Structure formats: structure tokens, C-alpha cells
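Asks: Below are the C-alpha cells for one structure; questions will follow.
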Amino acid sequence: MRRLIALLAICATALGLMALFSPEASAAPGCRVDYTVTNQWSGGFQAGVKVTNLGDPISGWTLRFAMPDAGQKVVQGWNATWSQSGPTVTVAAVDWNRTLATGGTADTGFTGSFTGANPKPAAFTVNGVACTGSVGEPTPTPTPTPSPTPTPTPTASDPGGSGTPVGINGQLQVCGVHLCNQYNRPVQLRGMSTHGLQWFSQCNNATSLDALAKDWKSDLLRIAMYVQENGYETDPAGFTGRVNNLVDLAEARGMYALIDFHTLTPGDPNYNLARAKTFFASVAARNANKKNVIYEIANEPNGVSWAAIKSYAEQVIPVIRAADPDAVVIVGTRGWSSLGVSDGSSESEIINAPVNAANIMYAFHFYAASHKDNYRAAVSRAASHLPLFVTEFGTVSASGGGAMDRASTTAWLDLLDQLDISYANWTFSDASESSAALRPGTCGGSDYGSSGVLTESGALIKSRISTADNFPTS
Ligand code: IDC
């Protein structure tokens, strides 16, 4: 009998130890959850949920909390897998944020709906351990009732601070063939594009975007959300959430955010028409009140006529306008956004049959080692008829690799400066390809701007975009 008791005691200890070391119930003796309602409207709200691990490093986490009111429902979450059963909300880490060092944080959030009150949730646990840290500010009362304790957001009138690109220029609009600021004066935005979010999200974090805004002085972040190649189509809610999160990170730093529906293969954007409508309805509704958002509805149509692209645009643009009437929308062009040139056509097919919508621009892309004088000539001609935005370009060949072509890149950027055409460089990432601005592996560190981490392309582009903007203010 005594032996049996001893055996049971050993088993119990072993089970306890297993529980302690399994990632789900690991030894995190402490955690904090910051829950902040960042926006609230009639029947709906948005909240940021930040998990801080105050215990030992963990290699996986699941957050749970309870919604106090029966009418409170999670609609869509981001940066984690969200589910709700009755009052209990379960938030499971995703691959790229499941490891949390001591003091490490994971930023997630969700949009929700509510019917009665919208009290703040309770009983936060991470891997079953109660999080006793602060759970954030009291929830503001629904608008339009003025809130006694409004949750501060950087959205208001001065996003990211008064000296920033968004702080100075405010809501953009197309005037004539130019992109104009709130004073109706032409502006040129110069910045960077992410790589595919499905592959390089580790390069887009608070530290790297601080560097991009302050050190690179980038005016914009293009958010390249691939639709295929393990992108949006595999997890619409997850990718929508990631895009929204990056819009917020850009906004908080006073940068414009170009939401790129990165279609590439197949080349006919109509293949993704239904997805585009769903995606843009959602991001446009969610970001309608922001001044920093620009929509790019199809990255690079290819193997498809201008008529088919125009038809796609005329179906997607009204969906955006219904939710966000005043934002600039950019339409991709034939032949990988070459204004048709790569297909043996030219800008005249667009001039002769423009998209039937206001406040829009047309995308032009180039890769400096592949696209030279005849493409520059097309842009020079087109620029006096069409509002153009170079939403993507590389300093290298169209494969994204090969040698950097400094002379052609310089000729291109000088031309764009002269014409006041905005641009975003491919890519602000550490991909192992010469178009990447950061050296392979460097996104795991905390330096995103010094010469030690920049590639040849990164150094050239940073030197070009970090010069003073001199945006007109009257
Ligand atoms: C390339 C990436 C490469 C990736 C490939 C996948 O650099 O790492 O494997 O896409 O599709 C474009 C496209 C852009 C390309 C880029 C370079 O918009 O997605 O990225 N490029 O080839 N158009 C012209 C060049």
C-alpha cells in the first residue's frame, strides 16, 4: 500500500512537471494584458490586446478572457487566431509571434460588435495563468455621446505628430495629374514597400518602422499583401488584420499607408474580383476616418487587356467609395503595371479609355536594370495626361535579383523628382535578393538603418528618400 502511495506521488509529480514544461501550460508565473478600446461606434468597436510575458520564456501561448455582456462578440481579430464560445474568447498565437521572451510582447487586436453595454473583458489568462497586470483604460462610452475618458488614438487631427508627412499633408487627393495635399498643392511621397507579408512580417515591427519613419524619413509604407502564393486567399481574416495593424503602425509614425492588393499570378485581376470586393469593403470601412490610407487595387495585371482591367477597377472602386469616399485609389496598368509598354502597347490605351471614377491614379512599375529609356519616355509622355504613382520599383532586374543598376536608377529617380511622381521601393526586407534594402537575417536584430545592415540598394535608396521633403504648406 505504501509503495502504491509512493508510486502515485511520483506519477503526480511527473504529471505536474509535464504540465509545467509543456508549452500550453508553461511556467509563466506572470503576464500582463493591456486591453484598449481604440475606436467605438454605434454597435461596433475595435480593441487592441497586448500580451506581455512576465515569466520565463515561452514557446507558445493561448490567451483567454471573458466577455461580461452576452451581446459582445468578436467579429474579426488579427495577429493571432481568434475564436469565441459563449462568453469565452480564445486567442491563440500564430507562428511568428508564439515565442515570447521574458518581457516579450505580442500585439493583437480585434473588431467586435455589442448590443447592450460594452464593458471591458475580465479574467485574462495566458496558458492558464491569471494575468494580474493592468487591463487597460476604462472603455469609452459609444459615440456620439461625448466620452468622459476618451481613449487617446493617434488618429485625430495630428497623426503621428505635426512635423510628419501625414501631419503636414493631411488627406491627399488627386488634382489634375498630381497627387495633392490638404492645401491642394502637388506633393511627391518617397518611401518603401514591404515584401510579401506572408514571408517577411518579421521586418515590419515597431522598431523597424520607427527607423523607417525617423532615420529613413520615409513618407509612406506600401503594404504588399499577396493574394496568392500563401497570401490572402489562404486566410482572409488574418491577412486583413495584418494589413490593418500595419496601417495603424504607419499612422502612429505619421507615414502614409498604401494598401496593395498584390495580385501577380494569375495576371487577370478579375480572377480575384470577389476577394477584392470583400477585402476592400472591410479595410475601407475600418480605415475610413484615417487620413493616411491609399488603396492600390491590383498590383500587376499581366496577360490581360486594358478593357478587362478597367472593368475590374470600375467594380472595385465603388465598393471602396461606399465606405471611404475621399481616399485616393490607384489602378494597376497593363503589362505588369508598365502602362502597357511591356505588352507592346502604350499609355494611349488608358488616355483613350480612362477608368470611370474620380480621385484615382494609375500605377507604373519599373526595375532599373530591365526598364530603361523607352519606359522613361512613356512615363514622360504619360505624366502630362495621367496621374501616375510608381507604387513599386527596383534598382535591379525585374526578377528582383541581379546587379543593381545605379545609373538607370539615378536616371529614373531624377525623372520622378522632376515630375513630382511618388514612389515606393521594393523592398524594405532582408530577403536574400539584391532588391532587398536590408542584408539577409538582419530583420531579427534591432538595427534597420545603419550602413552595417543596408545592402547596396538599401544604401542608395535611403540616401535618396531621406533628403528633405519641403512639402508646401499653403
Ligand atoms: C518577387 C519577390 C520574390 C518572390 C516573387 C514571388 O522579390 O522574392 O519570390 O516576387 O512572386 C514584381 C512583383 C513582385 C516581385 C518583384 C521582383 O510585383 O511581387 O517580387 N517584381 O520579381 N514585379 C516586377 C518585379
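Asks: Go through the stretch 204-238 and count every residue that is away from the ligand (no atom under 15 Å from the Cβ) and under 28 Å from Thr164 (Cα atoms).
Replies: Here the count works out to 18.
Asks: Continuing with this model, one more query. Scan the stretch 340-347 and tell me whether some residue there is within 28 Å of the chain's Cα centre (by Cα) and either among the aromatic types (Phe, Trp, Tyr) or within 14 Å of the ligand (Cβ to nearest atom) (or both).
Replies: no
Asks: From the list Asn287, Asn230, Asn244, pick out the single residue that is on the phi > 0 side of the Ramachandran plot and either polar (S, T, N, Q) or touching a strand residue (DSSP E or B) at 6+ places or on another chain (Cβ under 9 Å) (or both).
Replies: Only one candidate qualifies: Asn230.
Asks: Pairs needed: first member in the stretch 319-338, under 18 Å from Ile309 (Cα atoms) and among the hydrophobic types (A, V, I, L, M, F, W, C); second member anywhere, assigned to a loop (DSSP other than H, G, I, E, B) and within 16 Å of the ligand (Cβ to nearest atom); C-beta distance under 6 Å; at least 6 residues apart or different chains.
Replies: Trp336/Glu300; Trp336/Asn302
Asks: How many residues does the stretch 391-410 hold that are at negative phi, of a type outside the set (Ser, Thr, Tyr) and within 12 Å of the ligand (Cβ to nearest atom)?
Replies: 6
Asks: While we're on this one: Of all the residues that make up the stretch 349-380, how many are in a helix (DSSP H, G or I), surrounded by fewer than 17 Cβ atoms within 10 Å (Cβ to Cβ) and within 16 Å of the ligand (Cβ to nearest atom)?
Replies: Residues that pass the stated criteria total 0.
Asks: Give me a count of the residues in the stretch 420-456 that are within 12 Å of the ligand (Cβ to nearest atom) and not in a loop (DSSP other than H, G, I, E, B).
Replies: 3
Readers should treat all values here as calculations from the given coordinates under stated rules, not as data from a laboratory. Being a predicted model, the structure only gives us computed values, none of them experimental. So basically every Cβ, Gly included, is an ideal-geometry build from the backbone, and we count neighbours across all protein chains shown.
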